[in-house]
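Asks: Dumping the structure here so I can ask a few things about it.
The values are calculated or read from the model by the stated rules, or taken from the named source; none is laboratory data. None of these values were measured; they are calculated from a predicted model. No Cβ is skipped: glycine too gets one built from the backbone with ideal geometry, and neighbour counts run over all protein chains shown. Side chains included, ligands, DNA and RNA excluded: accessible areas come from the protein's heavy atoms. Shrake-Rupley method; radii C 1.70, N 1.55, O 1.52, S 1.80 Å.
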Amino acid sequence: MLALINPEGLPALRIAGTIFFVIFLLGGLYIFRNRHRFFDKDPDVNEDIPAVRKIRAEEVMMIWGALTILILVILIKLWAQ
């Protein structure tokens, strides 16, 4: 699919993809720095045990990590052309 991209559009795609990647990393940093606010004990939830909170944080981190790797691979392919 990358071979079908018009060569005149590659610089714009590279710049936009890199900017999106940086914004995505900053969003992950924001979530990591505020993880206690997002994933700590909720007083409104009964039986909110530490194991459940840890699993919630791990789910978010796994999805974010997979998306980060995917975006990085696409960017590497774009910059290698």
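Asks: Looking at Leu75, Leu67, can you tell me which residue is open to solvent by less than 60 Å² (accessible area, probe 1.4 Å), among the aliphatic types (A, V, I, L, M) and touching a residue at least 24 places away in the same chain (Cβ under 8 Å)?
Replies: That would be Leu75, the only listed residue that is open to solvent by less than 60 Å² (accessible area, probe 1.4 Å), among the aliphatic types (A, V, I, L, M) and touching a residue at least 24 places away in the same chain (Cβ under 8 Å).
Asks: Another question, then. Of all residues in segment 13-53, how many are over 21 Å from Thr68 (Cα atoms) and either open to solvent by 60 Å² or more (accessible area, probe 1.4 Å) or hydroxyl-bearing (Ser, Thr, Tyr) (or both)?
Replies: The qualifying residues number 12.
Asks: Another question, if that's okay. With respect to Glu58, determine if the residue is out of contact with any strand residue (DSSP E or B) (no Cβ under 8 Å at 6 or more places or on another chain) and assigned to a helix (DSSP H, G or I). Step through it out loud before you land on a result.
Replies: On the way: out of contact with any strand residue (DSSP E or B) (no Cβ under 8 Å at 6 or more places or on another chain): yes; assigned to a helix (DSSP H, G or I): yes.
So Glu58 fits the description; yes.
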